[in-house]
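Right, one structure below, let's go through it.
Please treat every number below as a calculation from the coordinates, not as lab data. The model shown is predicted, which means the values in this text are computed figures rather than measured ones. Heads up, the Cβs are rebuilt from the backbone with ideal geometry, glycines too, and the neighbour counts pull from every protein chain shown.
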Amino acid sequence: MRIWDLHCHLSGVPGLSPEERAGALLRIADRMGIERLCLYMGMRWAKNPSPQELRQQNDEVLRALKAHPDRLLGFVYTSAEHIEASLAELERCVAVGPMVGVKLWVAKRCHDPKIDPLIHRAADLKALIFQHTWIKTGGNEPGESTPADLVALAKRFPAVPMICGHSGGNWELGLQAIKDQPNLHADLAGSDPTWGITETACRLLGPGRVLYGSDCGGRSFASQLAKVHGADLSNADKELILSGNLRRLLSPILRAKGMAL
C-alpha cells in the first residue's frame, strides 16, 4: 500500500540542520515503506510565535523541501495571532513557494472570526488546512483549540476541507465532536496506538474522512502505522487512510503546481 504521512516535524529528530533532520526522517520512513511526508514547523517551536519566528521556522522547512523535493510536502506555519504576517507567509511559501498546505497550532483558538482572512486566502490557493486540536483534562494551553472550536470555524467555511489534528487528543470525544461536520477530517496522529481508534473514526466519519499521520519525531512511524495496519478494516479502507484520502485532498493544489501525485 502507498503511504503518505500527513503529520511530520523537524523537532525531536537528530541533526544540526533542517537538511540533516529531513534526511534522518526519510531514512526511517524508507524502512517503514512511507513514500512521502508532510512537514511543518521548524526545529524549535514557540507556543505563541512572533512574525519573525514564523518566518524562520518556515525557512527551515523550505530548506528541507529543497533538499528532498520528491519526498517532502510543506505546510506553511501560520498564527491567528498575527494575521497580516501569516498572510504574507502564505503568499511567500504557498502562492509563490512550493508549500501545499497551512498549519495552525496554538496562540489563538480557531473559532475566532479574526482567523477568517487566512482561511479565505488558503481556500483561494487550494491549500489544505490543518488545525491542531486537543482536549486536555486539566485544561488546554492558552489559545489552544478544541475540536468544537474547529467545528465553529468549519461551519463558516463549509466548502473548505480541514483536518482536525490529533482528532482532539481525547479521540473518543474529538471524533464525536466533528462527526456531523462533513468538511472536517480526522488526523490519527500523536496519541498512543489504542485499540479501536481507527475503527471508531471510520464508523463515525466514514473511511473517506480519516487520515494516517505520525506526529514524528514526537512519535514513531511504527507505533502510528500500527493504528491502521492493526485495525479491523478492509484493505480498501486502509488504503484510503494511508494515502488515498490525503492524495485526494491535496490533488487540487498539487495539480495547480504541476507536482506529482
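Tabulated results
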item	result
Relative contact order computed over region 118-199 (Cα-Cα under 8 Å; 6+ residues apart), in percent	29 percent
Contact order normalised by residue count of region 1-148, Cα under 8 Å, 6+ apart, percent	18 percent
Helix-derived mean residue ellipticity, 222 nm - over the chain, DSSP H n ≥ 4, -39500 (n - 2.57), to 500	-11500 deg cm²/dmol
Flagged links, alpha-carbon separation over 28 Å, of LYS47/LYS238; LYS103/LYS179; LYS114/LYS238; LYS108/LYS238; LYS136/LYS257	LYS47/LYS238; LYS114/LYS238; LYS108/LYS238; LYS136/LYS257
Tensor-based shape of region 108-261 (alpha-carbon gyration tensor, a/c under 1.5 rounded, otherwise prolate or oblate)	oblate
Three semi-axes of the equivalent ellipsoid, the chain, Cα gyration tensor, whole Å, largest first	24, 22, 18
Debye intensity ratio I(q)/I(0), log10, region 54-183, q values 0.13, 0.20 Å⁻¹ (C-alpha model)	-0.52, -1.12
Stretchable slack from ASP59 to LEU204, in nm (0.36 nm times residue separation minus alpha-carbon distance)	48.4 nm
For the chain: relative contact order, % (alpha-carbon pairs under 8 angstrom, 6 or more apart)	18 percent
Packing-based order for 243-251, 211-219, using average beta carbon neighbours within 10 Å, highest first	211-219, 243-251
